[in-house]
1. Filter the strands (runs of 3 or more DSSP E) completely within segment 49-142 down to those with at least 1 residues that are farther than 30 Å from Val154 by Cβ and modelled with pLDDT of 90 or more.
2. In segment 145-165, what count of residues is obtained for those that are touching a strand residue (DSSP E or B) at 6+ places or on another chain (Cβ under 8 Å), outside any strand (DSSP E or B) and either at pLDDT below 95 or over 23 Å from Ala127 (Cβ atoms) (or both)?
3. Checking the conditions here, which among Arg205, Arg168 is basic (Lys, Arg) and surrounded by 15 or more Cβ atoms within 10 Å (Cβ to Cβ)?
4. Got a sec? Which of Val154, Val109, Val142 is of a type in the set (A, V, I, L, M, F, W, C) and surrounded by 16 or more Cβ atoms within 10 Å (Cβ to Cβ)?
5. Name the single residue, out of those in segment 34-72 being under 23 Å from Leu192 (Cα atoms) and of a type in the set (Phe, Trp, Tyr), that is most open to solvent (accessible area, probe 1.4 Å).
6. Which residue pairs have Cβ atoms closer than 6 Å, lie 6 or more positions apart in sequence or on different chains, and pair a first residue in segment 178-195 that is more than 11 Å from Trp129 (Cα to Cα) and part of a strand (DSSP E or B) with a second residue that is open to solvent by 40 Å² or more (accessible area, probe 1.4 Å) and hydroxyl-bearing (Ser, Thr, Tyr)?
7. I'd like to know if segment 21-33 contains one or more residues that are at pLDDT 50 or above, surrounded by fewer than 18 Cβ atoms within 10 Å (Cβ to Cβ) and of a type in the set (Val, Ile, Thr).
8. Given the conditions (1) within 27 Å of Lys84 (Cα to Cα); (2) over 18 Å from the mean Cα position of the chain (by Cα), which single one is not true for Gly201?
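The values are calculated or read from the model by the stated rules, or taken from the named source; none is laboratory data. For clarity, every value in this text was computed on a predicted model and none was experimentally measured. For neighbour counting, all protein chains shown are included, and Cβ atoms are generated from backbone atoms with ideal geometry for every residue, glycine included. Heads up: the accessible areas ignore ligands, DNA and RNA and are worked out on the full protein's heavy atoms, side chains in. Shrake-Rupley method; radii C 1.70, N 1.55, O 1.52, S 1.80 Å.
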Amino acid sequence: MTLALFLSMTLLSAAVTASASTGEWRFRVFLDDAEIGYHRFSLLGDGPERQLESEARYNVKFLYVTVYRYAHDSRERWQGSCLKQVEANTQDNGKMLAVRGTQDGERFVVTGTRGQANLPACVMTFAYWNPDLLGQSRLLNVQTGEYMDVQVRVLGEETLTVRGAAQRALHYALETRDFRIDLWYSPNKEWLALESSTEGGRKIRYQIQ
């Protein structure tokens, strides 16, 4: 999996309990042991209707020279676990990408790099903040507009260090035809950690602050 593809999968994800209605989160993003940037989220709303805004900035250097830049700004509007509207703009190392989507009656209409597509009325993105993601068979990639087949497997219970303290966690693997993302959740389904690998074998991870 390439760095750009992995980053597109994490654009609209926030570390938040299933019951929380508002919050702000900031993640430090690492490529192997090198910090390459941040990903910040804001979740707003009371009751079932919520809005999630995210901002990501990455700067990968080699021998002090920048070899990769990434910037993303997006906004999603949710009704329960159904996406109602999305606007996403991405600069992927100079390449400009835009995705727009909105619910229209019994369908969700999305326009992205593959053109326009009519999806089911209730779709989800790779929204790790919502534990309903673990029961999905297809998810929307908000960088490209592709509606992707996914499979989620439970790998067992582990102990993680979260903000300096040990915590029980359930380990899941989310897999598509092209890549795998490992996720850890607390027993009450709070998202705790994420890791994946690039095609070259390098590790990408998010560390919550």
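1. On the way: elements: 49-62, 65-79, 82-92, 95-104, 107-112, 115-120, 138-140.
Where strands (runs of 3 or more DSSP E) fall fully within segment 49-142 and carry at least 1 residues being farther than 30 Å from Val154 by Cβ and modelled with pLDDT of 90 or more, they are 49-62, 65-79, 82-92, 95-104, 107-112, 115-120.
2. So in segment 145-165, the residues touching a strand residue (DSSP E or B) at 6+ places or on another chain (Cβ under 8 Å) come out as 145-163.
Filter again for outside any strand (DSSP E or B), leaving 145-146, 150, 163.
Cutting the leftovers down to either at pLDDT below 95 or over 23 Å from Ala127 (Cβ atoms) (or both) gives us 145-146, 163.
Looking only at that region, the number is 3.
3. Details: Arg168 fails: surrounded by 15 or more Cβ atoms within 10 Å (Cβ to Cβ).
Every option except Arg205 fails the conditions.
4. Values: Val154 fails: surrounded by 16 or more Cβ atoms within 10 Å (Cβ to Cβ); Val109 fails: surrounded by 16 or more Cβ atoms within 10 Å (Cβ to Cβ).
Answer to the check: Val142.
5. Taking the candidates together, the pick is Tyr38.
6. Listed by first residue and then by second, the contacts come to nothing, as the list is empty.
7. Step one: list which residues in segment 21-33 are at pLDDT 50 or above, which gives 22-33.
Within this subset, residues satisfying the condition of being surrounded by fewer than 18 Cβ atoms within 10 Å (Cβ to Cβ) are 22-24, 26, 28, 30, 32-33.
Filter once more, so that each one left must be of a type in the set (Val, Ile, Thr): 22.
Taking every residue of segment 21-33 in turn, at least one turns out to be at pLDDT 50 or above, surrounded by fewer than 18 Cβ atoms within 10 Å (Cβ to Cβ) and of a type in the set (Val, Ile, Thr).
8. So Gly201 meets the others, but not (1).
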